[in-house]
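Accompanying notes for the structure given below.
Each value in this text was obtained by applying a stated rule to the coordinates, not by laboratory testing. All values derive from a computational prediction rather than experimental measurement. Cβ coordinates were reconstructed from backbone atoms using ideal geometry, including for glycine residues, and neighbour counts include every protein chain displayed.
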Amino acid sequence: MTRSDLVEELAARFAQLTQRDAELAVKTILDAVGDALVRGHRIEIRGFGSFSVTRRPPRMGRNPRTGQAVPIPEKRVPHFKPGKALREAVDQRPPSH
C-alpha cells in the first residue's frame with residue numbers, strides 16, 4: 001500500500017473527509033512520527049506497534065571489490081516492532097498471491 005492508497009482508503013471510509021483533508025491528515029501523522037523519531041522519541045500505537053530509534057555501533061567492513069577494510073561509522077536507524085495484535089492478525093491471514 002502506498003501513501004496515495006492510504007489517502008484514498010481514508011477518504012473512502014470517512015465520507016465527510018475530502019481527498020485533500022485525507023491527504024493532509026496522512027501527511028500530518030507521518031510528519032509527526034518522523035519528527036518524533038528524529039528527536040529520538042519512541043512512538044507507540046496500541047494494537048499496531050511501536051517505532052523507535054536504535055543505534056548501530058561503528059564497525060569494520062570490507063570493500064567487496066578490493067577486500068580492503070573500511071571503517072563504518074555509528075548510525076542511528078528507525079526500527080518498527082509490531083504489536084501482538086498485528087502479529088497475530090498477520091499470522092492468521094492466508095497468503096494472497
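Which one of Gly83, Ser52, Leu10 is farthest out on the positive end of the charge dipole of the chain, using unit charges on Cβ (Lys, Arg +1; Asp, Glu -1) and the Cα centre as origin?
Ser52
Could you work out the relative contact order of the stretch 5-97, using alpha carbon pairs under 8 angstrom and six or more residues apart, expressed as a whole percent?
On the way: 102 pairs, mean separation 18.9, N = 93.
Reported relative contact order: 20 percent.
Could you give me the percent of Cα pairs per 5 Å distance bin for the stretch 1-40, shortest bin first, beginning at zero and ending with the bin that holds the maximum distance?
Going from the shortest bin to the longest, the percentages are 5, 27, 25, 19, 12, 8, 4, 0.
Helix-derived [θ] at 222 nm for the chain: sum -39500 (n - 2.57) over DSSP H runs of at least 4, divide by residue count, nearest 500? List each step's numbers first, then the result.
Numbers: 3 runs with 40 residues, N = 97.
Result for the chain, helices only: -13000 deg cm²/dmol.
Give me the Kirkwood hydrodynamic radius of the stretch 42-96 in Å, from all C-alpha pairs, to one decimal place?
14.2
Run the reach check for Lys81 against aspartates and glutamates, Cα to Cα strictly under 17 Å, same-chain hits fewer than 8 apart removed. What comes back?
Leaving aside aspartates and glutamates fewer than 8 places away in the same chain, those within reach of Lys81 are Glu44, Asp91.
Ignoring solvent entirely, what values of log10 I(q)/I(0) come out of the Debye formula for the chain at 0.16, 0.18, 0.21, 0.23 Å⁻¹ when each Cα is a single scatterer?
-0.92, -1.01, -1.11, -1.16
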